[in-house]
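Below: one structure, written as C-alpha cells.
We did not get these values from a lab; they are worked out from the coordinates using the rules stated. The structure displayed is predicted, hence computed values, not measured ones. Every residue, glycine among them, receives a Cβ derived from its backbone with ideal geometry; neighbour counts consider all protein chains shown.
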Amino acid sequence: MDDYKILLSEKEIPQSWYNLVPDLPFRLPPPINPVTGKPLQADELRTIFPKSLVEQEMSEERWIEIPFEVRDILRLWRPTPLRRARRLEKYLKTKARIYYKDESVSPTGSHKLNTAIAQAYYNKKEGIKRLATETGAGQWGAALSFACNVFSLKCRVYMVKVSYHQKPFRKSLMRIWGAEIIASPSKLTASGRKILKEDPNCHGSLGIAISEAVEEAAKDKTTNYALGSVLNHVLLHQTVIGLEAKKQLKLLDEEPDFLIACVGGGSNFGGLILPFVKDKFKNPGLRIIAVEPFACPSLTKGKYEYDFGDTASLTPLIKMFTLGHRYIPPAIHAGGLRYHGCSPLVSALQDKDIIEAVAYNQIEVFKAAEIFAKAEGIVPAPETAHAVKAVIEVAKRAKKSQCILFNFSGHGFLDLASYDKFLNGELVNHAHPIKEIKAALKHLPKL
Ligand SMILES: *Cc1c(COP(=O)(O)O)cnc(C)c1O
C-alpha cells in the first residue's frame with residue numbers, strides 16, 4: 001500500500017460527465033436577461049454558443065455522454081495520475097494522508113484542456129469556423145488554441161495586456177498551435193476602444209477581454225465565443241477529474257475527509273468536487289475548501305448578487321459571488337486567479353455552506369509552492385499553489401489520520417518569472433482594499 005501513484009487504464013476514462021444540478025436540494029437561480037429582467041431563454045445564448053453547449057448549460061440530466069471524438073482526444077493524457085504526496089507528508093510530519101489529482105500532465109500543462117477539447121468539438125460539429133476567447137495568464141488561451149488546432153478551427157485570443165507583456169511563453173504556445181493573439185484592451189472592438197478612451201494605459205482585466213471576445217462573436221455568424229471557466233457546461237466537462245479520482249481512491253479503500261482546490265472562475269474546483277457533493281449530503285463531516293488570493297477575494301469578500309460576467313455589460317446577469325464587474329486587479333499580483341466573479345454553481349454551494357472558502361497572500365502561497373516543489377519535485381502553477389498552501393495548513397493541524405485530496409490544476413514551468421520574483425524577494429502582498437471592493441459593488445446592476 002505504499003504506491004506513489006495510482007493509475008487507471010485508458011478504458012477507464014469516464015463515459016459521461018456528471019451534472020450535479022438534478023441532485024441539488026435547491027434550485028439554481030437562473031441567468032437573467034439584463035434588458036427584459038426575465039430568466040434567459042436558451043435561444044438568447046445561441047448567438048455566441050452552439051446548441052449542444054447551451055443545452056448542457058441548462059441541463060437537468062444527471063449524466064451526459066462524452067462523445068467518442070472527445071474521449072479519443074482526452075486519451076492523449078487521461079486518465080491523469082492520482083499521486084500520494086508521501087514526501088510532503090514526511091516533511092510536514094503530518095498524520096494526514098495527502099493525495100493529489102495531477103492535471104499538470106495535459107499537453108498544455110493544466111486542467112483547462114478537458115473543456116477546451118469538448119467546446120471546440122461541439123462548435124466544429126455545428127458548422128462554426130472560428131472561436132474568440134479571452135485569456136489571463138494564458139493557460140486557457142493555450143488550451144483553446146490546441147483544441148482548435150485539433151478540430152481545424154480558427155482561434156482568436158484576447159489576452160489581458162499585462163500578461164501579454166509579462167508572460168510571453170504561453171503566447172508562443174498559442175502561436176505554435178496557430179492562434180492569433182491580441183493584447184486586450186484593443187482597438188479592434190467597441191468595448192476595447194471605450195476602455196482605452198477612458199484610460200489609454202489600462203493594463204486590462206479578464207472582464208474586459210471577455211467583453212471584446214463576446215462582442216466579436218455576437219457580430220459574426222461563423223464565429224462563436226468560448227469561455228474557459230465559470231459556466232455550468234465548463235464545470236460539467238471538468239468533472240472527469242473528480243470521477244477519475246473517486247475510482248482511484250476506491251482502489252485504495254480511501255474516502256476523503258478534505259477536498260481542496262484553488263478557485264479563479266471555479267472550474268478546476270468544480271471539476272474535482274462536484275462528483276463528491278452527494279457524499280457530503282450523507283457525510284456532513286466531509287470538508288470542501290475553495291482557496292483564493294487576497295488580491296481577488298470573490299468568495300470570501302464578495303457579495304452573492306446578480307452581476308455581469310464582463311466589464312462592458314454585454315453578458316447575461318448571473319447570480320454569483322462577485323467583486324463587481326468593474327473590478328480591475330492589481331498588475332503586481334503574480335498568482336493568477338483574477339476573475340471578478342465565480343461560477344454560479346460554486347457560488348450557490350458557498351451560499352448554502354456546503355463548501356467553505358479561505359484566502360491567502362501571494363508570498364505565503366509561493367512559500368508553500370517551494371515546499372511542495374522541494375518535496376514532490378513538481379513545480380506548481382502559482383494558481384495551484386493556493387491549494388497547496390491550504391493543504392499544508394490542514395495537514396499541519398490534522399490530529400488524526402485524515403485523508404486529504406486536492407486538485408493539482410497545473411504546473412508552473414511557464415511561470416518561472418513569477419518564481420524568480422519570489423526567490424529574489426521582489427514579490428509584495430496585496431490584499432484588495434475593502435474600500436475599493438465596496439466602491440466596485442456600488443455598480444452592481446439593479447434588477
Ligand atoms: C485557469 C487556472 C486556474 C483557475 O481557473 P479555475 O476555472 O478556477 O480552475 C487554476 N489553476 C490553473 C493551473 C489554471 O490554469
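May I ask for the distance between the Cα centers of segment 159-177 and segment 205-234, given as a whole number of Å? Cα centres, segment 159-177 to segment 205-234: 18 Å. For the chain, the Cys residues with no second cysteine's beta carbon closer than 4.7 Å are 202, 262, 296, 342, 403. Listed peptides 2-13, 67-78 appear in the order 67-78, 2-13 once ranked by packing, highest mean of other Cβ atoms within 10 Å at the front. For the chain, a simple Cβ point-charge model (Lys and Arg +1, Asp and Glu -1, everything else neutral) yields a dipole of about 500 debye relative to the Cα centre. Antiparallel as a % of all DSSP beta bridges within segment 231-359, to the nearest 5? Counting DSSP beta bridges with both partners in segment 231-359, the antiparallel share is about 40 percent. Estimated translational diffusion coefficient (Stokes-Einstein, Kirkwood radius over Cα pairs, 25 °C, 0.890 mPa s) of segment 17-142: 137 µm² per second.
Where both bridge residues fall in the chain, DSSP classifies roughly 35% of the beta bridges as antiparallel. Pull out a ≥ b ≥ c, the square roots of the eigenvalues of the alpha-carbon gyration tensor of segment 290-392, then state rounded if a/c is under 1.5, prolate if not and a/b is larger than b/c, and oblate in the remaining case. Because a/c hits 1.5 or more and a/b exceeds b/c, segment 290-392 counts as prolate. Here the residues 320, 58, ranked from fewest to most Cβ neighbours within 10 Å of their Cβ, fall in the order 58, 320.
What is the Å³ per residue value for the convex hull set by the Cα atoms of segment 352-391?
Details: hull volume 2.7 nm³, N = 40.
In segment 352-391, the Cα hull volume divided by residue count equals 68 Å³.
Rounding to the nearest 20 debye, state how big the charge dipole of segment 166-240 is about its Cα centre with +1 on each Lys and Arg Cβ and -1 on each Asp and Glu Cβ.
200 debye
At q = 0.11, 0.12 Å⁻¹ the log10 of I(q)/I(0) for the chain amounts to -0.79, -0.96, computed by Debye summation with a single uniform scatterer per C-alpha, solvent ignored. Think of each Lys and Arg Cβ as +1 and each Asp and Glu Cβ as -1; about the Cα centre, that makes the dipole of segment 378-447 roughly 580 debye. Compactness ratio for segment 226-375: Cα radius of gyration over 2.2 N^0.38 Å (N = residue count) comes to 1.07. For segment 269-316, the pair-distance distribution built from all alpha carbon pairs, in bins 5 Å wide starting at 0, is 4, 16, 15, 17, 20, 16, 7, 3, 1 percent. Each other residue within a Cβ distance under 11 Å of residue 408 adds +1 if Lys or Arg and -1 if Asp or Glu, for a net charge of -2. Name the shape class, rounded, prolate or oblate, that the alpha-carbon gyration tensor gives for segment 319-447, where a ≥ b ≥ c are the square roots of its eigenvalues, rounded holds for a/c under 1.5, and otherwise prolate holds if a/b is larger than b/c and oblate otherwise. Here segment 319-447 falls in the oblate category. Here r is the Cβ-Cβ distance between residue 197 and residue 7 and R0 is 56 Å; the resulting FRET efficiency, rounded to 0.05, is 0.55. Volume per residue of the convex hull around the Cα atoms, evaluated for segment 142-227, comes out as 80 Å³. Over all distinct Cα-Cα pairs of segment 223-266, the Kirkwood formula returns a hydrodynamic radius of 12.5 Å. Taking Lys and Arg as +1 and Asp and Glu as -1, the other residues whose beta-carbon sits under 13 Å from that of residue 317 total -1. Over all other residues within a Cβ to Cβ distance under 14 Å of residue 341, the charged ones net out to -1, with Lys and Arg as +1 and Asp and Glu as -1.
Fully extending the segment from residue 26 to residue 251, taken as 0.36 nm per residue of separation minus the present Cα-Cα distance, adds 77.7 nm. Note on the chain: dipole from Cβ charges, positive end direction compared against 243, 378, 409; the farthest Cα belongs to 378. The mean sequence distance of close C-alpha pairs (under 8 Å, at least 6 residues apart), as a share of the length of segment 224-269, puts its relative contact order at 49 percent.
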